[in-house]
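First up is the structure itself, then whatever we jot down about it.
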Amino acid sequence: MKIIVCDNHHEASKYVAEIFIKQVQNKPNSVLGLATGSTPIEMYYYLIKDHKLNNTSYRDVITINLDEYVKLEASNSQSYHYFMEKHLFSGIDINKSNTFIPDGTGDINANIKAYNDLLENINIDIQLLGIGRNCHIGFNEPDDEFQIGTHLVNLKQSTIDDNARLFFDGDYSLVPKQAITVGVKAIMSAKQIILLATGKQKAQAISNFLNSQINPQFPASILHAHNNVVLVLDKGAASLIGKDSYDYTE
Ligand code: F6R
């Protein structure tokens with residue numbers, strides 16, 4: 001695993017944006033696996049900025065998102081459908097019919113099957129991940145075993161707390177307790193994985209999964225089994241890891 005440590009969140013966001021921009025420039029019909037949450041917002045801003053300045057085109061790009069809350073309509077301002085439209089899709093020339101996000105409304109089982117069918121027929125070139133304080137990736141929460149496919153998940157209390165703090169104006173009653181998320185198979189099938197984590201609040205999670213064997217209680221530890229993972233951190237998120245044990249660039 002390659003670890004890049006940037007000075008701060010802005011530099012880390014720029015670094016990851018550059019990787020995605022090069023990917024799209026080199027392969028205009030790339031399949032991008034995308035994440036939501038507070039971490040990638042600035043990185044998406046840099047993609048939009050580059051699109052406007054340099055005309056990098058997303059016309060032939062396909063995007064596959066990791067997850068969506070259950071029972072939030074796409075029009076709900078806290079849904080991940082809304083998030084993607086606001087923070088990325090509305091600012092680039094992507095064809096909306098090439099963007100895929102699990103549907104958390106209506107018949108959940110049918111939606112899960114539809115997403116699994118989609119994933120069976122698509123190869124993700126590059127997957128963006130964030131990480132939860134409990135080491136979740138996507139919404140693969142700590143569990144006794146890894147969930148392979150797309151599934152319905154009961155969010156852990158720490159995830160609900162973080163989501164309430166960062167979004168939903170702190171109103172717990174509005175924070176969904178369940179989500180649909182891709183499983184580890186879709187994430188691990190990506191040709192390359194970029195995990196972006198910034199801030200001291202992520203330092204323990206980074207240290208926990210790097211120092212763990214593959215263990216479903218630390219879901220991000222599955223990344224040890226992938227041969228092309230780049231961890232892009234800021235100094236805060238990297239503050240608990242030893243420089244000696246990894247391919248570490250500062
Ligand atoms: C969201 C997702 C989650 C987030 C994680 C970190 O699509 O997959 O794993 O990446 O919860 O969220 P933030 O960035 O808000 O700290």
Exercise for review: Show the residues, 5+ positions off or on another chain, whose built amide H is closer than 5 Å to the amide H of residue 231.
Suggested key: 2, 3, 4, 195
**Study point:** Principal axis dimensions, the chain - Cα atoms, whole angstrom, descending
**Key:** 49, 44, 36
Study note, to complete from the structure: To the nearest 20 debye, segment 14-86 has a Cα-centred charge dipole, built from +1 on Lys and Arg Cβ and -1 on Asp and Glu Cβ, of 240 debye
Review point. What is the mean projected area of the alpha carbon convex hull for segment 172-250, to one decimal in square nanometres?
Key: 6.5 nm²
Revision key, fill the gap. Site residue 7, offset 7 angstrom along Cα→Cβ, radius 19 Å on amide nitrogen, limited to segment 206-250, gives 232-239, 249-250
Practice item. Figure the gain on full extension for residue 207 and residue 123 (residue separation times 0.36 nm, minus the Cα-Cα span) and round it to one decimal in nm. Key: 27.3 nm
**Study point:** Relative contact order of the chain, defined on C-alpha pairs under 8 angstrom at six or more residues apart (%)
**Key:** 27 percent
**Study point:** Burial ordering of 84, 188, 43, fewest other beta-carbon atoms within 10 Å first
**Key:** 188, 84, 43
Review point. For the chain, with only Lys/Arg (+1) and Asp/Glu (-1) charged at the beta-carbon, what is the dipole magnitude about the Cα centre, in debye rounded to 20?
Key: 380 debye
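Dipole of segment 1-141, Cα-centred, from +1 at each Lys and Arg C-beta and -1 at each Asp and Glu C-beta, to the nearest 20 debye?
For this selection, approximately 320 debye.
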Practice item. Please give the length that would be gained between residue 26 and residue 133 if that part of the chain were fully extended, namely 0.36 nm times their separation in residues minus their C-alpha to C-alpha distance (nm, one decimal). Key: 35.1 nm
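Quick one: length gained pulling residue 59 to residue 18 fully straight, 0.36 nm per residue minus the C-alpha distance?
Gain on stretching residue 59 to residue 18: 12.9 nm.
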Practice item. With a/c under 1.5 counting as rounded, go ahead and sort segment 42-125 into rounded, prolate or oblate using the C-alpha gyration tensor (a ≥ b ≥ c being the square roots of the eigenvalues; past the cut-off, prolate if a/b is larger than b/c, else oblate). Key: oblate
Revision key, fill the gap. Counting only DSSP beta bridges with both partners in the chain, the antiparallel fraction in percent, to the nearest 5, comes to 25 percent
Exercise for review: Compute the distribution of all C-alpha to C-alpha distances in segment 99-175, in bins of 10 Å from 0, and list the percent of pairs in each, rounded to whole numbers.
Suggested key: 15, 40, 38, 6
Study note, to complete from the structure: The relative contact order of segment 130-250, taking Cα pairs under 8 Å that sit 6 or more residues apart, comes to a percentage of 31 percent
Check your understanding: So, in nm, how far is label residue 41 from label residue 154 when the simple model puts each one 7 Å beyond its Cα toward the Cβ?
Key -> 3.0 nm
Revision key, fill the gap. Computed, not fitted: 222 nm per-residue ellipticity of the chain from DSSP H runs ≥ 4 (each -39500 (n - 2.57)), nearest 500, equal to -9500 deg cm²/dmol
Check your understanding: Just going by the charge dipole of the chain, with Lys and Arg at +1 and Asp and Glu at -1 on Cβ, which of 140, 63, 26 is farthest out on the positive end?
Key -> 26
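FYI, it's all coordinate maths here, none of it is from the lab. The structure displayed is predicted, hence computed values, not measured ones. Cβ: placed from backbone, ideal geometry, glycine included. Neighbour counts: every protein chain shown.
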